[in-house]
Amino acid sequence: MPETWDKTFQELKSQYLMRSSERLDQIAELLNSLAKAPADSSLLRDLMRQFHWLSGSGSIYGFPQITKLGTAGEEFCEQLLRANRGLTRVDWDKCKVILDALRVNFQGDDDQNATMDKALPKGDFDGAEILLVDADQSNFLFLEKVLKEQGMNARNMRSAINTLEACGHRMPKAVIIALPLPDASGYELVERIRSMPGGQDPVIFFVGHKSGFLDKVQAIHCGADGFFQIPVDWESVESRLKYLMNRGQPQNYKILSVEDDPDQAYFIRYILEKAGYRVHHIADPMQFEEALLAFNPDLVMLDILLPGMTGYELSRYLRQDERWATMPILFLTTQNQLEAHIESARAGADDHLVKPVDPSLLLSATAARLERARFLKNLLHRDGLTRLLTHTAFMEQAQSVVSQCKRNPNRLAALMLIDLDKFKVVNERYGYATGDKVLISLSTVLRQRLRSSDIVGRFGGEEVAVIVEDLEEYDAVNLAQRLLHDFSQTKHRAPDGSEFQMTFSAGVAMLDPKLMDVERWRRHAEQALRAAKNNGRNCIMKVTGGKR
């Protein structure tokens, strides 16, 4: 009977996969039609039905990620229908990302979980309650909109008393407090929340005009997780909020276990998989390199005593290759001598756990090391001040754009180089801290005005680079001019309380994939930027084929 059922199930699964391929093609056709008729609600309803079908069928045939993606697509389409507005480019991009993730999941790609996480418009925080504590309800208007779009339940509180009552009824996922409060010190409010049952769990931020060193220290001392100064980069707040709310969660991480004892290997795999991790086990260390490349793990667990070599040697092998520089390494071993701990540290391991290891310790050590690695990896690609791509990360993406355009010469891509005007004067007159806030304001304007598909990076100092695709030169220049206008209207606060405004100069260069590599494209944009500076600043210049 079991063999008959297994055979029947496999046949049904094969048929499901064939039908799913047709379903994905139908989704692609609907998206193409919506690109031409974004206001056609009937097309959007058809798209929602396609996602609904996948949502209800994926888990039945062993594709839980398909169910999650289908649900996300269905709910997103339903949200658009309720809003009764046409499909924007950003909306279309989100649906396209979901479609791409569905294809990857049906193909069984090893990176399907990362694609899925990127695809979900609402993230993993549906229904999460966020308390926004603001006496006049004016500071959080934009943040409240963003949180609701992400599926979170943003509740407004006007006082400390209201906030404590809400926390006493049900502890929220996060509390964001605008200072000052009318009836209590914000620092005292945080201390009260932290002393309540479950009060250590919520993420707590302060928002206010004062954010000196002592204010930040006091915020940390009372138990808050951060202090953001007004005017606030709300996208940075949202990003940090998600990061902290997600701490400690498995996140579909992949773990490579090298263990020659089958009993220990089973124990490790059972504990980690029950917690939501994906585990690949090898008993022969000679398979280590192949497993690394094929499985691409997020963390490696090593026994020390292995056939033919030691875990120390495998750890040193990892550490000599920059591809695995941020890879957490945990030793699980029976060796508890001081010398063994010292040798583990010398070999580059992050932790040394002694067998038999308690399951809670194994999970805690794993979660902590993975979370730290995720944070460090993010820092490697994002500028710490502006949260834009670093120069290296931006150039890698620029190279990818050039390669794609060479394969498809009909694709359009424009590079903008933006440089703040008289930025040195700001640093000299108001100090470097004020200059940093101007850079943050510029990055905020760019993130709010550009599409999610556009590539934005800090090129160096006060220079920012942007790549926009699928725009003609005229449209790219107009976009740069609108960005300049919006940024020039932004008011910046000096240490003495006075306000000032800034401008920037920018150069725009279209990519000619037949004649340009990434360096020549960059040089053309720099040439246009120099022309803008020489033209009196506060303007946009372009270079086409080397001519302004």
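Read-outs throughout are calculated quantities, based only on the coordinates presented, and are distinct from any laboratory measurement. The model shown is predicted, which means the values in this text are computed figures rather than measured ones. Glycine also receives a Cβ, built like all others from the backbone with ideal geometry; neighbour counts cover every protein chain displayed.
Of all aspartates and glutamates in the structure, the ones whose alpha carbon falls short of 15 Å from that of Lys424, not counting any fewer than 8 places away in one chain, are Asp436, Glu462, Glu463.
Taking every alpha-carbon pair within region 391-543, the share separated by more than 25 Å comes to 28 percent.
Can you give the percent of C-alpha pairs in region 129-245 whose distance is more than 21 Å? Each step should come with its number before you reach the end.
Details: 1919 of 6786 pairs.
In whole percent, the long-distance tail amounts to 28.
Our Cα-only numbers for region 332-445 put the radius of gyration and Dmax at 23.3, 64 Å.
Straightening the chain between Arg170 and Glu428 buys 87.9 nm, computed as 0.36 nm per residue apart minus the Cα-Cα spacing.
One equal scatterer on each Cα of region 254-373, no solvent, Debye formula: the resulting log10 I(q)/I(0) at q = 0.18, 0.22 Å⁻¹ is -0.89, -1.46.
When restricted to Cα atoms, the chain yields an Rg and a Dmax of 26.5, 83 Å, respectively.
Using the structure shown, list the pairs from Lys96/Lys406; Lys36/Lys94; Lys148/Lys254; Lys145/Lys491; Lys36/Lys145 with a Cα-Cα distance above 21 Å, or answer none. Too far apart for the 21 Å limit: Lys96/Lys406; Lys148/Lys254; Lys145/Lys491; Lys36/Lys145. One chain, two ends: Ile220 and Glu499. Fully extended at 0.36 nm per residue, the span grows by 97.5 nm beyond their Cα-Cα distance.
The length gained by stretching the chain between Arg482 and Arg411 to full extension, at 0.36 nm per residue less their Cα-Cα distance, is 23.2 nm. Using C-alpha pairs under 8 Å with a sequence gap of at least 6, the mean separation divided by the residue count of the chain gives a relative contact order of 7 percent. Note on Leu361 and Lys274: the model spin-label points, each 7 Å out from Cα along the C-beta direction, lie 1.7 nm apart.
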